[in-house]
């Protein structure tokens, strides 16, 4: 779960990190009121999960009420890389002379946390990592011991942070590491950490991704989840407990098991279609879960056809089939064509009882995908480029 | 620093361990008032740092006001293995059916914490360890990871704790381990953990020794230090910052470095004397520190002579000599004879300037000890047994 | 011949009294697996499917001479169960549990490195040597005995590929589901080396997916060290960067590492025959044998 | 010949800008020790006694090719300094600091076991190879070069014994103060094995004290593995049980383990000549040579 900047900043500030004065606003009036209480110059920052907000016009600096109104009007409601901006953070602008990057993440290859510092902050850190990896100082942390103070210092000195702020920046890194552990985060990151002309250190941005699998032990963070979701479908997926990712195409995909669902997406593409989503309903296939999955896929207005691919494994195919039949019984007519393929344990029995009047039924994964792509093309989808 | 039972119980209760209702009392009236508010039966327990309090008459059970008064009168002011009882803990008596031992300490040989559980609690656990070591289940803990829950469970099951209280006892052990870490303890221990007839688990005693070297980061525990000191001399030693141990003999000993001071004690014994104390003044030997050391040793009325043995090392012998001279200048006449021996860097220069009119001066450690033993014998000490 | 498990493997099931644990222990026993004990705190002395339950894994392992453990406990308690298994000790731990917090696994991984135990998973379907033993939740009926080793990060994709293989009479020595999490015990390289040393394995299928660089490392290893031919498959070619596709491991960072393209290229260069569809993977195995 | 340090040893002093650090770095340099760098966070670029100071030990070690570190930082920061030294990495770390919390040391000890570094101390006077190098706070002037190896848990007791040896012309190959804390790096057994392998050491003095069972372990090791003769001394014969005698390590548990008697008996049985007084120790060394 990715927190919004304003949520992460609340968490960071509570942990003692220096963040600028800020208020959340959802209307131009609220922006003006916030700027008034914070003082000018103030930054107006779109609260959406996209990189490069600044370049895309999602951050503006206001020196006066007029400018603040202008910024609010232009940012609130704007479309930022596909997301509508509903909320902005109004924040005291920091007069900085230097921008640093400080972050903690999991290095999955090493199986260890890694703490990072760069004196090239304020830009896309992934580009820095690509183009001049030596500009990022890295400290791998032994997760049993946690980060030693010397490691924070070493990262900071190795990154070439100037001596007079080294200790403060090391402090930011230590706190970010503690937050990372205490919150079961995937990442905690500040980019940029700004150094002001009077050598103060300020966390001007805040990124925090929390491990979804660990939310059960962080009820305070879990509460932020709804507000953090970017759109209705994602919120719905959270509610249903599905792994769901919305994509650009028109072939809806439902399956069990991440690897097999990804493979189904790949086959849709391979046979010239475009996947509309990734949806893994996980183990079992009770009628309710099947119904929820269909609800999700149909809720995406881009979807023109659906492929439903289940490899039974321990789950019995006849039970899955029954679940599908029950789930589609609610419709007089299916809104979009569905092609089903069942395999594995009791698959044949399942195929036999499937409601073949309402559903397309295919023997093989390849066949099912081809049929769904066909339906989608017929419905007006552009068919995409085949491989 | 060893906490008193009542102090340790406060710490344990705050950490969520189940301890009986209890109040501290310093007079018979306070005992009666406490027993009244807690209810009978109540235990009246002497608060001194000696093992086997119960057998020695330091714990009595009272069923009524009369019995409580009797217990208070007999215990308050009593001499328990050399310590005068000033305070008692009045505590709700637990109706138990089983007594367990649960504790955490450092296994210095392994360099690791060890958690221990025994179903033979309520007795001297060191005897159990000696006579039936298999009756104590031990779990070594990796200090980087901390104690895993499975380790607490395993210790409890391996100790043969009954299944219906196993989880509660494992909980006590986990909390004791956390306390051990959070308080930088040398030991945290409950003996006995009582199991009541309705299968409740109660911590009926509480032992906590805190690492003196770590007190600097535990101001709350450090505050308990004065109350924990057993006598005036120990309190004085804390105040001066000396490593000091009071012993039974009449030859006072001052030196620098634990190993050398222990050796000096051993030599006193070897030459037929009896050491009155261990006192390590540590590095350096400023006049004030020397004066404090003399003050401590003279404050022990058993002392009949003093041996002052310094191996200069980095410290210069002439500076030490000057410190000694300055320190004894406050006396018109020394209350007890002092024999000084200086060795190491600039020792000769030091010996030359020592105030030989007031002090005995010896060239060798062996000579200095022999002379001090002689003085002590002349003063009426019994000379002890030579080896 | 086989790797990791066979009919001599003596198995403890951690969590055997839970719903999942009881069901899959039954399935394992039915398949012929030598399940010798269960381990559940507080349930010592009970029996499940005729198998004795102990309070601790150590006691189970000692009393029943077990050398492997299957972990079927809920995610909140799984890391502790893994530490317990590693400390019991057994030679092989198979962690089925899905959804273990990543930081818990980082700590387990550190401990794992201090032991000689093999850990398979977590978030994996398990390990099966067809006809001998299955440790995990794989559907035994789709497997058949043969000379193909299989390694996969995904559960149901494994079944799909095995189905295609078995359909054509291509049986398996052992199939290992190494799991889809960011931090797993046995990785492709370790699993590949086990099969390389197994004389009964004549070809290997490895099913990878986007995220991480484990497949790239495997390609390097294959190129440098392996004689046994390998057929490959990579799921997630169409996944957009920055999105998590179900498996926590399947997230492509924006910088180009961990993409399907990078993995397929690396495998290609190492001489691995990479298929575009599960069917094609089976074609390739036939070609390699 | 010598053990651990000689005139090639290149030394970093951690804490060189502090009072103790600056003083003892000066003393070490004066003795002829090859002090090549200091390490103090925030003091990078400064110089002390003409020696360059770096912000981190890694940088100091890399820039100056150092292979040993002497830790002279206050107890509250000492564990971190030790972790840093172990990670820099250097081959030898000498921890002088007294009063490091025991639990800090337990964590350091765990890390130490994951490295190949020798740690001497903490709470020790250091290591000296007379005439070549001294790493620590030992008074160089009382030592003389020769063929006796010395190992001691105590500082000033070491000086006393060395004084007695030097008085009689019995010089030392190397003297190691292993420290008086409950948890130390190099123990008697490890130090004895270093001297056993040193052809220049013809006899060894080991000064133990009450507390722990390190001397008992040493006795066993001597009996089983050593040809070089050993003279012993044990301080604390008169210490009562349960009291800490200055050294945190010097506490006798109520159960009889760690007493002077137990240690002396064990050493006697291993053929070690145990003296009653420092003078007698010197007598014994003369006898053994």
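The values are calculated or read from the model by the stated rules, or taken from the named source; none is laboratory data. As the structure is a computational prediction, the values presented were derived from the model and not from experiment. FYI the Cβ positions are ideal-geometry reconstructions off the backbone, even for glycines, and counts take in every protein chain you see.
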Looking for something touching a strand residue (DSSP E or B) at 6+ places or on another chain (Cβ under 8 Å), within 14 Å of chain B (Cβ to nearest Cβ), modelled with pLDDT of 95 or more and under 14 Å from residue A:150 (Cβ atoms) - is there at least one such residue anywhere in the range D:67-85? yes
By residue number, the members of the range C:193-216 that are more than 12 Å from chain A (Cβ to nearest Cβ), part of a helix (DSSP H, G or I) and either in contact (Cβ under 8 Å) with a residue 60 or more places away in the chain or crowded, with 24+ Cβ neighbours inside 10 Å (or both) are C:194, C:195
Residue in the range D:217-250 that is farthest from the other protein chains (Cβ to nearest Cβ), counting only those that are crowded, with 21+ Cβ neighbours inside 10 Å and in a helix (DSSP H, G or I): D:222
Of the residues that sit in the range C:162-192 and are at the interface with another protein chain (Cβ under 10 Å from one of its Cβ atoms), assigned to a loop (DSSP other than H, G, I, E, B) and in contact with a strand residue (DSSP E or B) (Cβ under 8 Å, 6 or more places away or on another chain), which one is farthest from residue C:113 (Cα to Cα)? C:180
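Yes/no per residue for (1) part of a strand (DSSP E or B); (2) out of contact with any strand residue (DSSP E or B) (no Cβ under 6 Å at 6 or more places or on another chain); (3) modelled with pLDDT under 85; (4) in the same structural domain as residue B:250 (by TED's automatic domain parsing):
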| position | (1), (2), (3), (4) |
| --- | --- |
| B:272 | no, yes, no, yes |
| B:297 | no, no, no, yes |
| B:302 | no, yes, no, yes |
| B:310 | yes, no, no, yes |
| B:348 | no, yes, no, yes |
| B:357 | no, yes, no, yes |
| B:369 | no, no, no, yes |
| B:387 | no, yes, yes, no |
Looking at the range A:91-165, what strands (runs of 3 or more DSSP E) fall wholly within it and have at least 3 residues that are away from chain D (no Cβ under 14 Å), crowded, with 17+ Cβ neighbours inside 10 Å and touching a helix residue (DSSP H, G or I) at 6+ places or on another chain (Cβ under 8 Å)? A:96-107, A:112-118
Before we move on, is residue D:136 at pLDDT 95 or above, within 14 Å of chain B (Cβ to nearest Cβ) and at positive phi? yes
Before we move on, is residue B:258 surrounded by 24 or more Cβ atoms within 10 Å (Cβ to Cβ) and either assigned by TED's automatic domain parsing to the domain that holds residue B:351 or in contact with a strand residue (DSSP E or B) (Cβ under 7 Å, 6 or more places away or on another chain) (or both)? yes
Could you list, in sequence order, the residues of the range D:89-114 that are within 29 Å of residue D:140 (Cβ to Cβ), part of a loop (DSSP other than H, G, I, E, B) and either at pLDDT below 95 or within 14 Å of chain B (Cβ to nearest Cβ) (or both)? D:89, D:96, D:97, D:98, D:99, D:100
Just to check your reading of the model, which residue among B:205, B:184, B:211 is assigned by TED's automatic domain parsing to the domain that holds residue B:139, under 20 Å from residue B:278 (Cα atoms) and buried (at least 20 other Cβ atoms within 10 Å of the Cβ)? B:211
Here the residues within the range B:280-301 that are buried (at least 23 other Cβ atoms within 10 Å of the Cβ) and facing another protein chain (nearest Cβ under 9 Å) are B:280
Would you pick out the residues in the range B:67-81 that are in contact (Cβ under 8 Å) with a residue 24 or more places away in the chain, surrounded by fewer than 17 Cβ atoms within 10 Å (Cβ to Cβ) and assigned to a loop (DSSP other than H, G, I, E, B)? B:78, B:81
The one condition residue A:306 fails out of (1) assigned to a loop (DSSP other than H, G, I, E, B); (2) modelled with pLDDT of 90 or more is (1)
